[in-house]
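Asker: Pasting in a structure now, in structure tokens, and then I'll have a few things to ask.
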Amino acid sequence: MSHNHEEVEEMTDDYDMGEAGDETGDEYHEREGRESDSDDDEFSHSNSKVTDTSSAQARKGKDIQGIPWERLSISREKYRQTRLEQYKNYENIPDSGEASEKECKATQKGGVYYEFWQNTRSVKSTILHFQLRNLVWATSKHDVYLMSHFSVLHWSALTGQLKELVNVQGHVAPREKHPGSLAEGFSQTQVSTLAVRDNLLVAGGFQGELICKHLDREGVSFCCRTTYDDNAITNAVEIYNSSSGAVHFIASNNDCGVRDYDMERFQLSKHFRFQWPVNHTSLSPDGKLLIIVGDDPEGMVIDANSGKVVHKLHGHLDYSFASAWHPNGLTFATGNQDKTCRVWDIRNLSKSTDVLRGNIGAIRSVRFTSDGQFMAMAEPADFVHVFDVQSGYNKCQELDFFGEISGVSFSPDTETLFVGVWDRTYGSLLQYRRVHNFAYHDSLF
């Protein structure tokens with residue numbers, strides 16, 4: 001992934017909705033007066049001009065993000081068309097081309113699998129690096145963890161309470177003593193990625209930092225640095241349970257390394273090295289295989305124990321930043337800057353089984369529901385596509401809004417889908433609830 005800070009800042013500016021400021025009126029110009037996104041404590045109070053939106057208000061016609069289109073000099077439809085035409089998709093391999101329309105699946109849109117429930121503007125999930133969008137994690141249908149500037153936050157949709165768990169702007173040091181843990185901790189950590197599961201929160205940083213916190217304990221439990229390489233950014237973290245039940249996590253780094261940490265012993269247990277920076281990894285449900293994607297159009301499936309390459313993945317045209325296994329352990333998906341998500345079958349990896357295309361940009365996040373019925377495919381901004389897996393990815397629902405996507409997460413029980421939206425005026429947390437078809441039950445009465 002790109003590690004040039006000037007390039008990162010330039011791309012972030014390009015992606016901000018402020019680029020359409022001349023057309024969208026004063027509401028969009030409010031962002032331009034700030035020197036930086038973190039000038040004020042945004043997670044603790046919201047813009048007085050824009051309020052939360054409930055499902056009841058949305059049904060009555062209110063914009064789900066509270067954008068007052070009736071007062072602006074441009075309609076929503078016109079602005080959507082402008083975004084589709086002008087949004088700049090970032091490519092690491094210029095002129096690499098795009099997947100042909102013939103290769104991409106003609107998906108039937110219009111499905112309603114998750115309905116809008118709530119837009120909460122006091123919860124602002126921010127982005128540090130424009131290519132890394134794994135900063136929102138749901139641990140239940142009510143509990144969400146996210147990054148907001150230098151704060152790691154917990155949001156309860158049930159109580160409406162927002163709590164700061166860790167502030168990395170100052171000094172962070174572990175309270176517990178473990179072999180390999182840096183007792184001195186870190187200062188002013190720039191968090192690039194986040195993962196939360198089974199009472200463990202892991203934040204990865206720009207300089208290879210890893211900060212681990214148990215949610216049922218005070219303070220930080222463990223701090224370490226994956227590498228002192230100049231190109232050390234932590235691109236992704238995945239938490240999992242080993243066959244013995246021990247909690248582990250896998251860190252993917254820009255130094256071409258993939259590291260497995262045992263959090264029962266607080267030690268590095270495996271370290272695999274590759275020829276290019278690794279942007280994302282996903283462990284198969286049986287724990288035997290790892291998907292490896294990064295700064296190469298070809299991805300890989302490797303043996304999770306030995307690191308040996310089982311099969312290379314041919315088809316993508318640019319760098320990949322997302323991957324996920326279907327719960328059945330037979331299929332998985334990869335997301336790429338060529339604007340596509342490819343679905344693969346482990347029984348025949350000679351080519352992908354399906355090619356799913358986005359609207360405006362790279363596929364930066366892919367998630368399956370725990371029951372395997374749906375897959376969410378997130379673009380960098382404006383669109384999250386929810387596919388009906390059981391239809392063979394032939395049907396989908398398109399979530400349409402405005403703003404950069406900091407992360408998407410299904411709740412473990414599949415009942416809720418959370419989408420973090422980063423925009424200086426309309427940044428928020430979108431909440432969708434699963435739609436259940438009770439026609440069968442109704443017919444019994």
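Results for (1) farther than 30 Å from Glu85 by Cβ; (2) among the charged types (D, E, K, R); (3) modelled with pLDDT of 95 or more, shown as yes or no for each residue.
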residue	(1), (2), (3)
Pro380	no, no, yes
Phe383	no, no, yes
Gln390	yes, no, yes
Glu398	no, yes, yes
Asp413	yes, yes, yes
Thr425	no, no, no
Tyr432	no, no, yes
Asn437	yes, no, no
Tyr440	yes, no, no
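Yes or no, residue by residue, for (1) in contact with an Asp or Glu (Cβ under 9 Å, 6 or more places away or on another chain); (2) on the phi > 0 side of the Ramachandran plot; (3) open to solvent by less than 10 Å² (accessible area, probe 1.4 Å):
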{"position": "Pro380", "(1), (2), (3)": "yes, no, yes"}
{"position": "Asp388", "(1), (2), (3)": "no, no, no"}
{"position": "Ser391", "(1), (2), (3)": "no, no, no"}
{"position": "Glu398", "(1), (2), (3)": "no, no, no"}
{"position": "Phe401", "(1), (2), (3)": "yes, no, yes"}
{"position": "Ser406", "(1), (2), (3)": "no, no, yes"}
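Asker: Within segment 63-99, which residues are in contact with a strand residue (DSSP E or B) (Cβ under 9 Å, 6 or more places away or on another chain), over 16 Å from Tyr319 (Cβ atoms) and polar (S, T, N, Q)?
Answerer: The answer is Gln65, and nothing else.
Asker: Okay, next question. When both residues are 6+ apart or on different chains and their Cβ atoms are under 6 Å apart, which pairs have a first residue that lies in segment 104-132 and is within 23 Å of Ala322 (Cα to Cα), and a second that is basic (Lys, Arg)?
Answerer: Matching pairs, first to second residue: Cys104/Arg357; Tyr114/Arg434.
Asker: Next up: Among the strands (runs of 3 or more DSSP E) lying completely within segment 349-426, list those that include at least 2 residues that are under 14 Å from the mean Cα position of the chain (by Cα) and closer than 16 Å to Ala324 by Cα.
Answerer: 365-368, 374-378, 381-388, 395-410
Asker: Could you pull out the residue among Arg347, Arg342 that is among the basic types (Lys, Arg) and buried (at least 24 other Cβ atoms within 10 Å of the Cβ)?
Answerer: Step by step, each of Arg347, Arg342 is checked, and only Arg342 is among the basic types (Lys, Arg) and buried (at least 24 other Cβ atoms within 10 Å of the Cβ).
Asker: Here's a follow-up. Can you say whether Val435 is open to solvent by 10 Å² or more (accessible area, probe 1.4 Å) and among the β-branched types (Val, Ile, Thr), as far as the supplied structure shows?
Answerer: yes
Asker: (1) within 23 Å of Ser409 (Cβ to Cβ); (2) open to solvent by less than 20 Å² (accessible area, probe 1.4 Å): which one isn't true of Ser352, the others all being true?
Answerer: Just one mismatch for Ser352, condition (1).
Asker: How do the pairs read when you match residues in segment 385-397 that are over 10 Å from Thr369 (Cα atoms) with residues anywhere that are crowded, with 18+ Cβ neighbours inside 10 Å and of a type in the set (Asp, Glu), using Cβ under 7 Å and keeping only pairs 6 or more apart or on different chains?
Answerer: Tyr393/Asp354; Lys395/Asp388; Cys396/Asp388
Asker: Sort out which residues of segment 167-192 are over 25 Å from Glu264 (Cβ atoms) and in contact (Cβ under 8 Å) with a residue 60 or more places away in the chain, and write them in order of number.
Answerer: Gln190, Ser192 - these are the residues of segment 167-192 that are over 25 Å from Glu264 (Cβ atoms) and in contact (Cβ under 8 Å) with a residue 60 or more places away in the chain.
Asker: Could you please find all residues in segment 75-103 being open to solvent by less than 40 Å² (accessible area, probe 1.4 Å), more than 18 Å from Arg364 (Cβ to Cβ) and of a type outside the set (Ser, Thr, Tyr)?
Answerer: Arg80, Gly97 - these are the residues of segment 75-103 that are open to solvent by less than 40 Å² (accessible area, probe 1.4 Å), more than 18 Å from Arg364 (Cβ to Cβ) and of a type outside the set (Ser, Thr, Tyr).
Asker: Scan segment 409-432 and tell me whether some residue there is of a type in the set (A, V, I, L, M), farther than 21 Å from Leu146 by Cα, touching an Asp or Glu at 6+ places or on another chain (Cβ under 9 Å) and in contact (Cβ under 8 Å) with a residue 40 or more places away in the chain.
Answerer: No, segment 409-432 has no match at all.
Listed here are the residues, each with its yes/no results for (1) surrounded by fewer than 15 Cβ atoms within 10 Å (Cβ to Cβ); (2) among the charged types (D, E, K, R).
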{"site": "Leu132", "(1), (2)": "no, no"}
{"site": "Thr139", "(1), (2)": "no, no"}
{"site": "Met147", "(1), (2)": "no, no"}
{"site": "Val152", "(1), (2)": "no, no"}
{"site": "Thr159", "(1), (2)": "yes, no"}
{"site": "Glu164", "(1), (2)": "yes, yes"}
{"site": "Arg175", "(1), (2)": "yes, yes"}
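Asker: Could you go through segment 248-255 and let me know if any residue there is closer than 19 Å to Glu176 by Cβ and at pLDDT 95 or above.
Answerer: yes
The values are calculated or read from the model by the stated rules, or taken from the named source; none is laboratory data. In this text the structure is predicted, and so the values were computed from the model without any measurement. Positions of Cβ are backbone-derived with ideal geometry, glycine not excepted, and every protein chain shown enters the neighbour counts. Note: areas computed on protein heavy atoms with side chains; ligands, DNA, RNA excluded. Shrake-Rupley method; radii C 1.70, N 1.55, O 1.52, S 1.80 Å.
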